[in-house]
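The values are calculated or read from the model by the stated rules, or taken from the named source; none is laboratory data. All values reported here derive from a predicted model rather than from experimental measurement. Here the Cβ is made from the backbone with ideal geometry for all residues, glycine too, and neighbour counts use every protein chain on show. Only protein heavy atoms, including side chains, enter the accessible area calculation; ligands, DNA and RNA are left aside. Shrake-Rupley method; radii C 1.70, N 1.55, O 1.52, S 1.80 Å.
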Amino acid sequence: MEEVMTVPSSASHVAEPGSGPAVPCPDDAAIVRAAIGGDARAFEQIVGAYHRRVFNFLQQMTRQREDTEDLTQQTFIKAYQHIERVDPERPIINWLLTIARRTALNHFRSARKWE
């Protein structure tokens, strides 16, 4: 008898490195649509599902825990403010990581001005 492993729906669309593009889970599309519609709990689910991934991405860029925490928070604030711009049919993690990368780059640019 084969043992079947189940993957939680919030992680089922995340591709492993080298395994090809991430494909959105149907549950994620419904959550994103609900968040676009103003459902705060749906956005909380998005934060819960992707916080660690965004944090780790930013940690690799900054190497500073305090900056990483601030940039992660800024990323999700920007995502919340502009949630209507996301395409629910595409993986939301790509959109979140784009926001995170741009937020970090802006942080580095402004830090240079103060040096």
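A few remarks follow.
- Stretchable slack from GLU44 to ALA111, in nm (0.36 nm times residue separation minus alpha-carbon distance): 21.1 nm
- Accessible area (Å², per residue) of the range 27-102, counting only protein heavy atoms and a probe of 1.4 Å: 61 Å²
- Taking a point 7 Å out from the Cα of ALA30 in the direction of its Cβ, none of the residues of the range 50-84 has a backbone N less than 12 Å from it.
- Of all accessible heavy-atom area on the range 49-92, the percent that carbon and sulfur account for (1.4 Å): 42 percent
- In this structure, HIS51 and ASP87 have a Cβ-Cβ separation that, at R0 = 22 Å, corresponds to a calculated FRET efficiency of about 0.55.
- Charge dipole (debye, nearest 20) of the range 67-115; +1 at Cβ of Lys and Arg, -1 at Cβ of Asp and Glu: 260 debye
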